[in-house]
């Protein structure tokens, strides 16, 4: 399966701040033909969490990740492994491989489990929708306050109702970029702190997410060579087949496996 | 460039594409640090920050469908969601004096702090 590899690697290694980072030992999952090696082994990798993506690198200084885990449709739980401070990322899709990771200590383990548990896009979207509702309600009750006759408040302090920062719900500021407003404004480095926003320093308020649209049918039998995009019917449940493929794509760990093979060759195991 | 008919699915911050009859995708685009551009009629493109001249072009069946895709894709990144969350949190806090994230027990997390992820 193809992936925009260069962009993914760029995202993994660019300056944009990581949500969590650190060394973890990752259990090596043996495939069938490696079955002659029966022990469980772990590899120390440098892990970076950005959004719903967990990247891992051979070394902290490596310029490209050797692996990627998409944290959707998964649970993160403490692990009954021989190792102390072990936890596992397991997927709802039974066919997908689990990731067993080992932290350096109790605090590190807890920090990772906490960070990974809430890393999914779905979770983020849930929270955003909640807040959107809350803001709407807050605006409504404020509008209701405005309409009712003013009474002097018991504290004597005037409540300033005409808050200039209040954004009317009907207003939809244009989105310039895909949540990345500084791109294009004079050659900014992604995530670089020195870069000014388009509108001079204020965080540009993102518009309200659109109401969920019904699935548009895919065009069939069209003679012209064109795309027929189909909207995802249920944005809440990710397509686990797709994500398994992504894990496999990156899960090869070609460099590491090759080196292991070479070492075993030297030791005469083959 | 030849246009190939594909089934395209937006799943969280990934755009998967399939040959029309197949269950498994032939490819995916991670939609972070990308720019969605409306091109000519029925057409939009996706390009990425480290290679802006390289455009992935998509032709839709109609202009309306094209607009729907552009809007959906612009909101499809995790980073966009994060900015939305920070914005709403800030607005609610200003209006009500309360931090709405406290009830979720995530108010201290670095990823939700105002200013942590400013460019």
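Remarks
- Gyration tensor (alpha-carbon) shape descriptor, segment B:7-76, a/c threshold 1.5: oblate
- Approximating the spin labels as points 7 Å out from Cα along Cα→Cβ, the residue A:75-to-residue A:43 distance works out to 2.8 nm.
- Shielding value for A:90-96 is 0, the average number of Cβ atoms from other chains within 10 Å of each residue's Cβ.
- On the basis of the beta-carbon distance and an R0 of 30 Å, residue A:64 and residue B:37 show a calculated FRET efficiency of 0.65.
- Anisotropy class of segment B:40-119 from Cα gyration tensor, a/c 1.5 cut: prolate
- Counts of other chain beta carbons within 10 angstrom of each beta carbon in peptide B:51-61 average 3.
- Taking a point 7 Å from the Cα of residue A:5 along the Cα-to-Cβ direction, none of the residues of segment A:82-101 has its backbone N closer than 18 Å to it.
- Simple spin-label estimate for residue B:22 and residue A:133 in nanometres, 7 Å along Cα-Cβ: 4.0 nm
- Here's the picture: a label point sits 7 Å out from the Cα of residue B:62 along the beta-carbon direction, and within segment B:33-47 nothing has its amide nitrogen under 11 Å of it.
- Look at the stretch A:48-54: the mean tally of other chain Cβ atoms within 10 Å of its residues' Cβ atoms is 4.
- Relative contact order (percent, whole number), chain B, Cα cutoff 8 Å, 6+ residue spacing: 15 percent
- Per-residue Cβ neighbour counts within 10 Å put B:14, B:112 in the sequence B:112, B:14, beginning with the fewest.
- Estimated purely from DSSP H runs of n ≥ 4, each contributing -39500 (n - 2.57), the mean residue ellipticity at 222 nm for chain B is -8500 deg cm²/dmol once divided by its residues.
- Zone residues, segment B:12-30, relative to residue B:5, backbone N less than 15 Å from point 7 Å out along Cα-to-Cβ: B:18-22
Values quoted throughout were computed directly from the atomic coordinates according to the rules given, and no laboratory measurement underlies them. Computed from a predicted model, the values in this text were never measured in an experiment. Methodologically, a virtual Cβ is constructed for each residue, glycine included, from the backbone with ideal geometry; neighbour enumeration extends over all protein chains shown.
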